[in-house]
2 protein chains.
Amino acid sequence: MALSVGLLGFGTVGQSVARLIVERNDGLLALTHIFNRDIARKRVDWVPPSVVWTERVEDVLDADVVVEVVGGLDPARRWHEAALDAGRPIVTANKQLMATHGHALLARAAQRGVDLLFEAAVGGGIPVVRGLREGIAGDRLTTVSGILNGTCNYILTRMESAGLAFDAALAEAQAHGFAEADPTDDLEGYDARAKLCILARVGLGLDLSPLDVPCESIRSISDDDFVYARRLQATIRQVSRVAIVDDSVQARVGPALVPLTSALARVIGSQNLIVAGGTYGRETTFAGYGAGGFPTAVAVVSDLLAIARRAGGAPAAWPDTSQPTSLTGLQVAPYYLRLVVRDQPGIIAGLASIFATHNINIDAVLQEPGGTKERLPFVITLEACPTAAMDKALVEIQTLPFHVTPPLCLPVLA
Amino acid sequence: MALSVGLLGFGTVGQSVARLIVERNDGLLALTHIFNRDIARKRVDWVPPSVVWTERVEDVLDADVVVEVVGGLDPARRWHEAALDAGRPIVTANKQLMATHGHALLARAAQRGVDLLFEAAVGGGIPVVRGLREGIAGDRLTTVSGILNGTCNYILTRMESAGLAFDAALAEAQAHGFAEADPTDDLEGYDARAKLCILARVGLGLDLSPLDVPCESIRSISDDDFVYARRLQATIRQVSRVAIVDDSVQARVGPALVPLTSALARVIGSQNLIVAGGTYGRETTFAGYGAGGFPTAVAVVSDLLAIARRAGGAPAAWPDTSQPTSLTGLQVAPYYLRLVVRDQPGIIAGLASIFATHNINIDAVLQEPGGTKERLPFVITLEACPTAAMDKALVEIQTLPFHVTPPLCLPVLA
């Protein structure tokens, strides 16, 4: 008997999930219910006539398993709870829900003895949730990092390869459907942060609250920065990283300089890449298409097949998790500081004296040709120093009178 | 109750598996038996005193699950059969056994209702078996390709980066423990071929017989070839690839030119990388350390944890497999042909006339400075042509009288 599947949500991902199930026609999965608001305008003729189209969530609970691809915290959370309480396993692509309420929902699923699977919530079609949870479960992982947001990566790689300004790259991403009309969640790092929290749970056994993870926007990156980055044999990526360092946890989402030779630098366009670092297996990398209807649907259907093939067996156990005793941002890093100034005597001397006060060593001062007296960009690179010292120095630097735009400070990752 | 684990084999991998289990001390896995020949010389003091050291395979069947890390076809096959018949799940790193007898052994395991897991047989710690089998099970995969042999990759990347001759790079690999005293299995592609057959089973549902997959040696690659490859914006890697093309299957293991910008070119040293191509999720990549005691042990222990966590549930089903109706090597490719000749008039004319006969278009003729009249290397690149035509042309070219060393012909991968 095929596992009957009820779909909550018939947008891009929901439609792709339906397509995959219908086209597989494998006797393991059967699409039986589709829920959406204004369901009438959603009807398509390529699903079996037996499918129930509905605007009532409860109808979908008649299926053996519920797929939630609506997203958002509410009402998705209530729907999850209702489905679990009705003994229905859930497969979801909802990263915000799993990042914020994953602990409670997984506990509820375990109580009810049903599965709650969410491969599609991180990295689209890349099987990184299963990879961390089962594939390298035998290792003791200490770091998970990577490029988790395809929108930011599209924008940054277009700035890099085509020399576009930020706004032009964003507009292009929106025109191609890689960015939403309101791109805040992507640009500010909230989307990547939710995914990072999910990976921290699955890979490191950590319950992080997304709001506790420091996020920095990519909005302040300019085309100048890619020129300087290249001179430093580097480029700029939105990097998400969580690491267990002794007894504390460090996590951060935001733009950073990465060497051109690194795996992160070579992630182009809307792709994603995740690197897990372990005590025994060293680095293991997962990469692929992190968004889009079909890649995400592959993850959903793979989760459905796991449930179908288990056929009544107990759901797979999730590793135990705990809250970190201490969660901070990055603690120490070399830094890239880009300034745009009105030229005047004493700028470097003023900056150097601030850095000296905070015991930060200047590595190099770089200036590309082409600036004007009224708008002169240049870059200072700093040797590795405590982030706290750098933050204090930055506050002082921002009060200096010569800035044309606010200084941009990025960590330089090895 | 912890799952008791019996180890068949206490070499590098076996010792690493034992270390991981002992250091985890997680209440899920308990090491209880260690089998090896000449067991007395193997004893170590860091395993629990309760462990039974034995030279009798049957003793190990007292454990709940058997780990086989001896390798080779015999007697490993008999041990597997005995363990399965005794109702013991098996976790193995034995690629030759799984490639050659995987079909029969998996059928036997299914009959007995026990697991036979082999994540460690391909790609060391990289969870690609589980990734293909479960992680992207929802996709319809059509190709699996990658770098599956760390020894070849170490040798080729050392030739590339340090300009070493083949023999020097091989000697270095042996000195560092990356190559065996008898490196035949690695260099000729037999090791990679076994892994490719396993991935074809898991990812594409294909039963391939390893002996049917064409293999080419990397022994004939010279340092000259890296000079020419670089001029073509490429490098040389041992590439393993299997693809479903219409109703037939194409598979090959051997050296090939790959663009410097490709993921394959960027796999350095003893690392492995596997790319799966699917209808829905496009390309998904898995990379990491493909060999070594601890990475391989991570894969073994991850498989053990999967069995421990399932705790009595049914073993996961393997996808159905079938034999291909037709299995061939590469069918069409652009080619790189390197010749080393005694210079004389008419060489290019003679070659061009052979290519014309076989309808093969010359793309370019390259000659780096530094050759002598007695030993003149040069390269001809050919536009994409049927491999059969290229093979015939090569036979004729080999009969020409001016060769100092046999011509080397490599496909150029996109």
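What follows draws every value from the coordinates through simple rules; no lab data is involved. Quick caveat, the model's predicted, so the values are computed rather than measured. Neighbour counts run over all protein chains shown; Cβ positions are idealised from the backbone, glycine included.
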The stretch B:3-117: equivalent-ellipsoid semi-axes (sqrt of 5 x gyration tensor eigenvalues, Cα, Å): 23, 15, 12
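Give me the tail of P(r) for the stretch B:374-414 as a percent: Cα-Cα pairs with distance above 15 Å.
Here the tail beyond 15 Å accounts for 47 percent of pairs.
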If one computes P(r) from the Cα atoms of the stretch B:128-289, what percent of pairs lie at distances over 24 Å? 33 percent
Which of the peptides B:97-103, B:399-405, A:404-410 is most tightly packed, and how do the rest follow, judged by the mean count of other Cβ atoms within 10 Å per residue? B:97-103, A:404-410, B:399-405
For every other residue with a beta carbon closer than 15 angstrom to the beta carbon of B:Gly350, add +1 if it is Lys or Arg and -1 if Asp or Glu, then tell me the sum. -1
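Please give the contour-minus-distance gain from A:Ala86 to A:Thr12: 0.36 nm per residue of separation, less the Cα-Cα distance, rounded to one decimal in nm.
Result: 23.9 nm gained on full extension.
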Which ³J(HN,Hα) values, rounded to whole Hz and listed in residue order, are derived for the stretch A:346-352 from phi using the Karplus coefficients 6.51, -1.76 and 1.60 in 6.51 cos²θ - 1.76 cosθ + 1.60 with θ = phi - 60°, glycine and proline given as x? x, 5, 5, 4, x, 5, 4
Shortest first and in nm, the label-point separations between B:Asp59 and its counterparts in the other identical copies (7 Å out along Cα→Cβ) come to 6.6
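Counting Lys and Arg as +1 and Asp and Glu as -1, each charge on the Cβ, what is the dipole of the stretch B:1-139 about the Cα centre in debye, to the nearest 20? Write down the numbers at each step before the final one.
Working: 15 positive and 17 negative charges, 53 e Å.
So the dipole magnitude of the stretch B:1-139 works out to roughly 260 debye.
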Please identify the longest segment of chain B free of exposed trypsin sites (Lys or Arg not before Pro), where exposed means a DSSP state other than H, G, I, E or B and no more than 11 other Cβ atoms within 10 Å. B:57-372
If the label for B:Asp38 sits 7 angstrom from Cα along the Cα-to-Cβ line, what are its distances to the same label in every other copy, in nm to one decimal, shortest first? 7.8
At A:Asp59 and A:Ala352, where each label point lies 7 Å from the Cα along Cα→Cβ, what is the point-to-point distance in nanometres? 7.5 nm
Within chain B, which is the longest segment containing none of the GluC sites (Glu not before Pro) that sit in a DSSP loop and have at most 15 other Cβ atoms within 10 Å? B:181-373
Counting residues in chain A as N, plug N into 2.2 N^0.38 Å and put the Cα Rg over that result. 1.09
Please list, ordered by chain and number, the residues whose modelled amide H lies under 5 Å from the amide H of A:Leu31; skip anything fewer than 5 residues away on the same chain. A:Val5
Excluding residues fewer than 8 positions from A:Lys392 in its own chain, the aspartates and glutamates with Cα under 18 Å of it are A:Glu216, A:Glu383
If labels are modelled 7 Å from Cα along the Cβ direction, B:Ala82 lies from its partners in the other copies at nm distances, smallest first, of 5.9
Go through the stretch B:294-301 residue by residue and turn each phi into a ³J(HN,Hα) via Karplus (6.51, -1.76, 1.60, θ = phi - 60°); whole Hz please, and just put x for glycine and proline. 6, x, 5, 5, 4, 5, 4, 5
If you keep only loop residues by DSSP, which chymotrypsin sites (Phe, Trp or Tyr not before Pro) in the stretch B:44-82 have at most 15 other Cβ atoms within 10 Å of their Cβ? B:Trp46
Cα-based Rg / Dmax (Å) for the stretch B:332-411: 11.9, 34
With viscosity set to 1.002 mPa s and temperature to 20 °C, compute the Stokes-Einstein D of the protein assembly as shown, Rh being the Kirkwood radius across alpha carbon pairs; µm²/s, no decimals. 74 µm²/s
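Output the Kirkwood hydrodynamic radius of the stretch A:178-226, Cα pairs only, in Å rounded to one decimal.
Values: mean 1/r = 0.0820 Å⁻¹.
Evaluated over the stretch A:178-226, this radius sits at 12.2 Å.
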Compute the relative contact order of the stretch B:3-117 as a whole-number percentage, counting only Cα pairs closer than 8 Å that sit 6 or more residues apart in sequence. 25 percent
What is the extension gain from A:Phe402 to A:Asp247, computed as 0.36 nm multiplied by their sequence separation minus the C-alpha to C-alpha distance, in nm to one decimal? 51.6 nm
Take the stretch B:234-385, compute every pairwise Cα distance, and split them into 5 Å bins from 0; I just need the percent in each bin. 2, 6, 10, 12, 14, 14, 12, 9, 7, 5, 3, 3, 2, 1, 0, 0
At what distance in nm do the modelled label points of A:Arg108 and B:Lys392 sit from each other, each positioned 7 Å from its Cα along Cα→Cβ? 6.9 nm
Net dipole in debye of the protein assembly as shown [+1 Lys, Arg Cβ; -1 Asp, Glu Cβ; about Cα centre; nearest 20]: 80 debye
Inter-probe distance in nm under a simple model that places probes 7 Å from Cα toward Cβ, at A:Thr279 and A:Glu180: 4.0 nm
